[in-house]
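Here is the structure we will look at, set down as structure tokens.
What follows is calculated from the coordinates using simple rules that are stated; it is not laboratory data. Since this is a predicted model, take the numbers as computed values, not measurements. Every residue, glycine among them, receives a Cβ derived from its backbone with ideal geometry; neighbour counts consider all protein chains shown.
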Number of protein chains: 2
Amino acid sequence: MSEQTVKEKPASGTQHAALTRALMEGISSGRFPVGSLLPTEFELCDLYGASRYAVRVAINELVELGLVSRRRRAGTRVEARTAPRNYRQQLASLDDLVQFGTSHVRVVQDTGEALLDRALAEALGATAGTRWLRISSLRLDGGAKAIPVGWTDVYLDPAYPDIVELVRASPDTLIVSLVEGRHGRHVAEIRQDITAATVPERVAAPLRVEPGSPALRIVRRYLDHAGLAFVISDTIHPAGRFTASSRLLRSRE
Amino acid sequence: MSEQTVKEKPASGTQHAALTRALMEGISSGRFPVGSLLPTEFELCDLYGASRYAVRVAINELVELGLVSRRRRAGTRVEARTAPRNYRQQLASLDDLVQFGTSHVRVVQDTGEALLDRALAEALGATAGTRWLRISSLRLDGGAKAIPVGWTDVYLDPAYPDIVELVRASPDTLIVSLVEGRHGRHVAEIRQDITAATVPERVAAPLRVEPGSPALRIVRRYLDHAGLAFVISDTIHPAGRFTASSRLLRSRE
DNA sequence: ATCTTATATATGTTCGAACAAAACGGCTGT
DNA sequence: ACAGCCGTTTTGTTCGAACATATATAAGAT
């Protein structure tokens with residue numbers, strides 16, 4: 001019985017891809033139930049008339065998909081019937097997060113210290129009473145005389161006063177990138193909150209809108225490895241000047 | 001010279017992992033400049049005294065990281081000096097996208113057909129003049145008498161009139177999930193645009209706010225495999241009632 | 001000079017083989 | 001009865017070899 005090697009045509013793609021599909025089918029159909037062990041690699045070689053290499057590549061695919069897990073000597077265990085359908089957001093780099101269409105330039109308007117009152121602290125997700133360095137700037141889109149896209153207050157860990165000078169010198173680099181490059185404190189996570197708001201009086205004139213007109217408020221907290229925020233940005237975009245777009249792709253097809 | 005095989009201790013992990021690191025170092029140091037071609041697989045075998053298998057696995061790693069690209073006969077091209085630091089959004093499932101804190105319920109207010117005028121078509125990213133099924137509903141958060149969180153107009157491919165009835169019956173399932181389950185048309189991609197807006201007169205009363213007060217407008221287009229939108233949702237959230245939150249984690253540490 | 005064809009070459013796929021490492025299970029000695 | 005040792009089994013790593021496939025380049029034909 002085991003002599004007649006089933007020479008199945010791959011039909012599409014590579015051989016181990018076909019084997020992957022065959023195993024996935026076996027799992028989803030329940031022929032290999034969740035919790036059970038898959039046949040050993042050598043058994044699969046006989047079963048499908050493939051080399052161990054092909055079997056191995058195929059099983060590695062399943063591991064990637066989270067369908068099975070492997071342990072030496074113990075074998076390959078079926079973990080899930082189907083691959084979880086996850087969505088992932090496409091963001092090539094940190095700078096893509098700030099999706100100012102073509103070019104965006106920061107023009108620093110004001111810098112100083114900030115002592116967070118309760119309202120601001122709550123909006124920023126920080127603790128009231130803490131002290132930060134503040135860098136306020138206008139966001140310009142493209143050409144020189146363009147209407148500003150938004151107003152940003154960046155709150156910076158007071159341990160990095162040198163960054164403030166650096167920010168003026170490089171108007172098109174993310175502030176958090178400057179901290180990363182200069183002080184080696186890396187961003188492990190970004191939390192972003194988008195809410196509806198009105199344009200505060202303080203920034204209405206530079207943004208050339210009426211105070212109280214509708215706006216988008218985007219608060220981003222940049223957390224380090226320990227979960228501590230060391231940069232927080234608070235941006236006001238008057239209505240019609242900015243759209244926060246995101247694409248979510250299904251990860252496994 | 002080529003006789004003495006350099007038996008370098010892997011030092012950590014597997015051999016091809018060490019090779020990967022060696023190549024990454026060579027790229028980031030500029031010894032293999034961006035745009036140039038890496039030595040061929042066989043040359044690398046000689047260079048590092050490794051088998052083609054090890055070289056191949058190592059290069060595959062680099063391809064995964066986006067550092068190099070490969071083309072038959074053309075060779076392996078260095079694409080980037082450092083691995084782009086990607087951020088990925090954590091979204092376990094489709095329903096996580098709609099992050100209504102604890103529980104969110106949809107109460108259908110009105111259904112009908114919609115012929116998109118130019119303004120609406122542009123806002124939705126659809127073509128003007130096309131006809132859709134419209135399902136308008138209030139979003140309620142938690143308890144019975146709670147203030148509505150938002151108003152949603154869902155535009156549905158007219159091929160699925162049966163969904164309209166289904167929607168009334170299951171107030172806590174995403175409409176797009178209903179289409180997926182019933183008609184097998186799966187979501188491959190979601191595009192989301194968040195803008196600042198004002199509450200339109202039409203929905204001001206049910207939302208219990210003044211017309212023209214600031215609001216968050218979220219348009220989501222659900223695309224199938226071919227890139228065709230078959231469901232579009234358009235939601236208005238009065239200020240203070242909803243926050244669009246997202247977490248971005250660094251993918252490669 | 002331009003288009004077509006042939007060839008060399010680099011990557012892509014697949015196999016067989018061997019040894020390493022971990023872990024389950026049984027054996028043995030106190 | 002229990003602890004520790006040891007062999008067997010299964011996955012993990014690595015090698016060498018061969019053939020397939022695409023394609024850049026050179027050679028040839030129009």
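Structural remarks
- The mean sequence separation of alpha-carbon pairs under 8 Å and at least six residues apart, normalised by the residue count of chain A, gives a relative contact order of 16 percent.
- Shielding of A:210-217 by partner chains, average beta-carbon count, 10 Å: 4
- Shortest first, A:P84 label-point distances to identical copies amount to 2.6 nm, with the label point at 7 Å from Cα along Cα→Cβ.
- Counting Cβ atoms of other protein chains within 10 Å of each residue's Cβ and taking the mean over peptide B:237-247 gives 5.
- Summary of the geometry: the stretch B:175-227 and the stretch A:135-190, compared by the centres of their Cα atoms, lie 33 Å apart.
- For the stretch B:2-78: relative contact order, % (alpha-carbon pairs under 8 angstrom, 6 or more apart): 35
- Ascending list, in nanometres, of distances separating the B:V34 label from those of the other copies (7 Å, Cα toward Cβ): 4.5
- Label 7 Å beyond Cα on the Cβ vector: A:R202 copy-to-copy distances, nm: 3.8
- Overall Cα dimensions of the stretch B:87-245, principal axis frame, Å, largest first: 40, 37, 36
- Ordered by the number of other Cβ atoms lying within 10 Å of each residue's own Cβ, fewest first, A:H183, A:H104 fall into the sequence A:H183, A:H104.
- The ranking of B:V107, B:V219 from fewest to most other beta carbons within 10 Å of each one's beta carbon is B:V107, B:V219.
- As a proxy for reagent exposure, A:H225, B:H237, A:H16 were ordered by neighbouring Cβ count within 10 angstrom, fewest first; the result is A:H225, A:H16, B:H237.
- Built amide H within the under 5 Å cut-off of B:E79, gap 5+: B:G35, B:V68, B:S69
- Above 31 Å, the calculated P(r) of the protein assembly as shown contains 59 percent of its Cα-Cα pairs.
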